[in-house]
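Below is the structure I would like to discuss, written out as structure tokens.
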Amino acid sequence: MYAGAGGDRVTVDGSTPTWATPQAKVGKANSGEQRHIQIALALRDPRGAEALAKSVSTPGSPNYKKFLSGQQFTDRFAASQQTVDKVSGWLRSQGLHVDGVSSNRHFIDVTANTGQLEGAFRVSLGKFKHTTRDGRSFTLTAPESPISVPREVRGAVNAVVGLDDSERTITTQQVAMRAPNGALPKSDPAADAAAAGENCARYWGEANNASVPQKYGAGNQSNALCGYTAPQMRAIYGLSAGNTGAGSTVGIVGAYHLDSIVADTNRAAAKFGAPALTAGQYNAVLPPSYDNQDKCGPDSWAGEQALDVQSIHEIAPAAKITYYGAKSCLDLYNALNKAVADNKVSVISNSWLYPGESAVPAATRDQMNSIAIQAAIQGQAIVFCSGDSGDNSAVNGHAEATYPASSPWVTAVGGTSVALDGSNKVKFSTGWESSGNTQNGGSWTPQQDKDGRFAGGAGGGVSSIYDAPDYQKDVVPSAISNGKRAMPDISALADSYTGIGVGFSTPQGWVEYSSGGTSLAAPLISALVADAQQAQNVERMGFLNDALYAMRGGPSISDVKPVQAGVWTPVMASFGYVTVPNAQGSYLVDFDTKPQSLQSATGWDLVTGIGTPTAGFVTALGK
């Protein structure tokens, strides 16, 4: 058992996750187990960096959009080379292997076994049982007490990322709407007319199962959608043929890499009405190897990557796409930092999250904000999905804001359900918060499982950590925020019952389905930013939130409100980790009826933020 700080040692506050309690400890970490960690170095002038980030991001400021280059940022704010050498020297003196240093001097990459790490940071690493309310159970490694470092390097060390296993609780958020037994919904217009009422609908109301109770009239009940095509997706946001995102490059951060992504995207494009990728339009920045496949579910990340790439390509078909693949789900901060340090993309889409701020050690959150502040100073927008578990009470047992979406330095994207009619006109958009019903004779019975009638929905909540940023003051009702950062900021299509058509290769063969989740909403907003940059002939929009909040109430943002409508489906989609019936049956999903604590509302709300983009968004953003 190592002692903590003392003598010439100083603790690193916020270096232990909240779940690493004595009561949860189930054993000792294997001293011979090798771990890959990153030492996050502090900015030289964090207050000055934050002030500059605000200045370049605020419309009307003299410095608005006067961004720094990556080298200018590093020279002015990053840890000095002398500091890097000092910390690296100490790490090597402890027997740790220094693998490299990121180009922005944010991370020092280190490999060592557990015993060496315990000695270097004067801490014992234990194994802890962590069980979420939704039934997921993890055995995770973490320090049993705050780590410490020598006093002479403490000012340089912001955090040690990877010493604990918090990242294993990160989830991707893409959701597939599959038909019973894994088959695909029928969408062939030549399908048997007698069964047409039970097929998916190519547009809202095209198919409506008349044999089930009609809870909603006047065209507000439809079968679940087959998956919107590229022309339909573009119609939802009022895009013209000239809105292509040409001249912009959108970044995506994910784990692993789907090697067939270019061929898959082109095959899906042919099916769903998008142009093929041109030579060199897609690029991947990948690590030399991958690991932790047994802990991270590479197949789910492949589906996520396909959704991200294809949705961006449909909305911004001429934009270049660069995918930053992490070596595993435990290495996502490294991939995000690589996207910022390279500074070659103008907007960075992230469809991964922790289902609650408390899952993340405070020091880890601090270094994440340092990455985001650098991005803002360089003119890069970082976009995060808000999650698919609503207020997260189904996961944590209490309402809690999603992270990193709750960071004041990212744009958090919530979700909508969208009904597009046969003329490519939006019949309605409403907040994505689904309530499940099961047919019981001639009526619908609300589902009452572990999560009640809640059947998935966009994340939203109020931070317990961050104060309300300036852009939210006088916008978010004080009765909601109580002076804290609230999320999301904006919203886009997320409900897979009214989702986007996606196709990609799996080990079992080619699959196509209607996909959704706020991991669809995040790349949609990212692609719209690329279109805005093209429309306004600018290379970068920068950090988006000040400009977005200035648009509230205007004609290019639609204020999203509840609509009495729903979809019939023979199978319930599984969103996040929310419990829903898993057998074939007859179900009706109500839209936005407040199954938890969240519902859209007039003005800013905890489901859609300021609202959702409409025609004119790309010419109004940042004006």
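With the structure loaded, tell me whether Trp409 is modelled with pLDDT of 95 or more, open to solvent by 10 Å² or more (accessible area, probe 1.4 Å) and in contact with a Leu (Cβ under 7 Å, 6 or more places away or on another chain) or whether it fails that test.
Answer is no for this residue.
A quick yes/no check of all residues on (1) modelled with pLDDT under 90; (2) closer than 30 Å to Cys385 by Cβ; (3) among the acidic types (Asp, Glu); (4) touching a strand residue (DSSP E or B) at 6+ places or on another chain (Cβ under 8 Å):
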{"site": "Ala112", "(1), (2), (3), (4)": "no, no, no, yes"}
{"site": "Gly115", "(1), (2), (3), (4)": "no, no, no, no"}
{"site": "Glu152", "(1), (2), (3), (4)": "no, no, yes, no"}
{"site": "Asn158", "(1), (2), (3), (4)": "no, yes, no, yes"}
{"site": "Ser166", "(1), (2), (3), (4)": "yes, yes, no, yes"}
{"site": "Ile170", "(1), (2), (3), (4)": "yes, yes, no, yes"}
{"site": "Ala183", "(1), (2), (3), (4)": "yes, yes, no, no"}
{"site": "Asp188", "(1), (2), (3), (4)": "yes, no, yes, no"}
{"site": "Ala193", "(1), (2), (3), (4)": "yes, no, no, no"}
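Among (1) among the polar types (S, T, N, Q); (2) over 20 Å from Ser514 (Cα atoms); (3) assigned to a loop (DSSP other than H, G, I, E, B), where does Thr619 come up short?
Going through the list (1) among the polar types (S, T, N, Q); (2) over 20 Å from Ser514 (Cα atoms); (3) assigned to a loop (DSSP other than H, G, I, E, B), Thr619 breaks only (3).
Among the residues of the range 535-567, which ones are within 21 Å of Ser240 (Cα to Cα), in a helix (DSSP H, G or I) and not aliphatic (A, V, I, L, M)?
Once the filter is applied, which keeps residues that are within 21 Å of Ser240 (Cα to Cα), in a helix (DSSP H, G or I) and not aliphatic (A, V, I, L, M), the range 535-567 yields only Gln536.
Yes/no matrix, rows are residues, columns are (1) more than 22 Å from Phe107 (Cβ to Cβ); (2) surrounded by fewer than 20 Cβ atoms within 10 Å (Cβ to Cβ):
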residue	(1), (2)
Thr249	yes, yes
Ala269	yes, yes
Pro288	no, yes
Glu314	yes, no
Ala335	no, no
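Here is a further query. Give just the number: which of (1) within 22 Å of Ala375 (Cα to Cα); (2) open to solvent by 40 Å² or more (accessible area, probe 1.4 Å) does Pro469 not satisfy?
(2)
Residues to consider are Pro231, Pro275; find the one that is over 24 Å from the mean Cα position of the chain (by Cα), open to solvent by 20 Å² or more (accessible area, probe 1.4 Å) and under 19 Å from Ala615 (Cβ atoms).
Being over 24 Å from the mean Cα position of the chain (by Cα), open to solvent by 20 Å² or more (accessible area, probe 1.4 Å) and under 19 Å from Ala615 (Cβ atoms) holds for just one of Pro231, Pro275, which is Pro231.
Strands (runs of 3 or more DSSP E) wholly in the range 369-433 with at least 3 residues that are of a type in the set (A, V, I, L, M, F, W, C) - which ones?
The strands (runs of 3 or more DSSP E) meeting that bar are 381-385, 411-420.
Does any residue in the range 413-427 that is at positive phi come within less than 6 Å, Cβ to Cβ, of a residue that is open to solvent by less than 50 Å² (accessible area, probe 1.4 Å) and among the aliphatic types (A, V, I, L, M) six or more places away or on a different chain, and which pairs are these?
Qualifying pairs under 6 Å: Asn424/Ala235.
Within the range 567-585, can one find any residue that is farther than 30 Å from Asn437 by Cα and either at pLDDT below 95 or among the hydroxyl-bearing types (Ser, Thr, Tyr) (or both)?
So far as the range 567-585 goes, no, none of its residues is farther than 30 Å from Asn437 by Cα and either at pLDDT below 95 or among the hydroxyl-bearing types (Ser, Thr, Tyr) (or both).
Within the range 316-333, can you find the residues that are open to solvent by 10 Å² or more (accessible area, probe 1.4 Å) and either more than 30 Å from Ile147 (Cα to Cα) or assigned to a helix (DSSP H, G or I) (or both)?
Those that are open to solvent by 10 Å² or more (accessible area, probe 1.4 Å) and either more than 30 Å from Ile147 (Cα to Cα) or assigned to a helix (DSSP H, G or I) (or both): Pro317, Ala318, Lys320, Thr322, Leu330, Asp331.
On to the next question. Among (1) of a type outside the set (Val, Ile, Thr); (2) buried (at least 19 other Cβ atoms within 10 Å of the Cβ); (3) touching a helix residue (DSSP H, G or I) at 6+ places or on another chain (Cβ under 8 Å); (4) more than 18 Å from Ser515 (Cα to Cα), where does Gln305 come up short?
Among (1) of a type outside the set (Val, Ile, Thr); (2) buried (at least 19 other Cβ atoms within 10 Å of the Cβ); (3) touching a helix residue (DSSP H, G or I) at 6+ places or on another chain (Cβ under 8 Å); (4) more than 18 Å from Ser515 (Cα to Cα), Gln305 violates only (4).
Okay, moving on. Residues Val418, Val426, Val529: which one is at pLDDT 95 or above and open to solvent by 20 Å² or more (accessible area, probe 1.4 Å)?
Only one candidate qualifies: Val426.
Given the criteria assigned to a loop (DSSP other than H, G, I, E, B) and farther than 30 Å from Ser61 by Cα, does Gly503 qualify?
Answer is no for this residue.
When both residues are 6+ apart or on different chains and their Cβ atoms are under 7 Å apart, which pairs have a first residue that lies in the range 252-279 and is over 28 Å from Leu353 (Cβ atoms), and a second that is surrounded by fewer than 22 Cβ atoms within 10 Å (Cβ to Cβ) and among the acidic types (Asp, Glu)?
Lys271/Glu512
So, in the range 343-381, exactly how many residues are closer than 21 Å to Ala319 by Cα and surrounded by fewer than 23 Cβ atoms within 10 Å (Cβ to Cβ)?
3
Looking at the range 492-506, can you tell me whether even one residue there is open to solvent by 40 Å² or more (accessible area, probe 1.4 Å) and charged (D, E, K, R)?
Within the range 492-506, none of the residues are open to solvent by 40 Å² or more (accessible area, probe 1.4 Å) and charged (D, E, K, R).
Every residue in the range 584-623 that is open to solvent by 30 Å² or more (accessible area, probe 1.4 Å), of a type in the set (D, E, K, R) and over 18 Å from Asp546 (Cβ atoms), please.
If the condition is that a residue be open to solvent by 30 Å² or more (accessible area, probe 1.4 Å), of a type in the set (D, E, K, R) and over 18 Å from Asp546 (Cβ atoms), then Lys594 is the only one that fits.
So which helices (runs of 4 or more DSSP H) stay within the range 44-142 end to end and still have 3 or more residues that are open to solvent by 20 Å² or more (accessible area, probe 1.4 Å)?
In the range 44-142, the matching helices (runs of 4 or more DSSP H) lie at 46-57, 70-77, 81-93.
What pairs can you find where one residue is in the range 336-361 and over 20 Å from Ala159 (Cβ atoms), the other is surrounded by fewer than 23 Cβ atoms within 10 Å (Cβ to Cβ) and not aromatic (Phe, Trp, Tyr), and their Cβ atoms are less than 6 Å apart, with a gap of 6+ or different chains?
Pairs that qualify, where the first residue is over 20 Å from Ala159 (Cβ atoms) and the partner is surrounded by fewer than 23 Cβ atoms within 10 Å (Cβ to Cβ) and not aromatic (Phe, Trp, Tyr), are Asn343/Gly70; Val345/Thr249; Val345/Thr322; Ser346/Arg540.
If we keep just the residues of the range 484-518 that are among the polar types (S, T, N, Q) and farther than 27 Å from Lys473 by Cα, which is farthest from the chain's Cα centre (by Cα)?
Here the residue is Gln508.
The values are calculated or read from the model by the stated rules, or taken from the named source; none is laboratory data. Just so you know, these numbers come straight off a predicted model, no measurement behind them. Quick reminder, even Gly has a Cβ in these numbers, built from the backbone with ideal geometry, and neighbours come from all protein chains shown. For the accessible areas, the whole protein counts, side chains as well, though only heavy atoms, and no ligand, DNA or RNA atoms are used. Shrake-Rupley method; radii C 1.70, N 1.55, O 1.52, S 1.80 Å.
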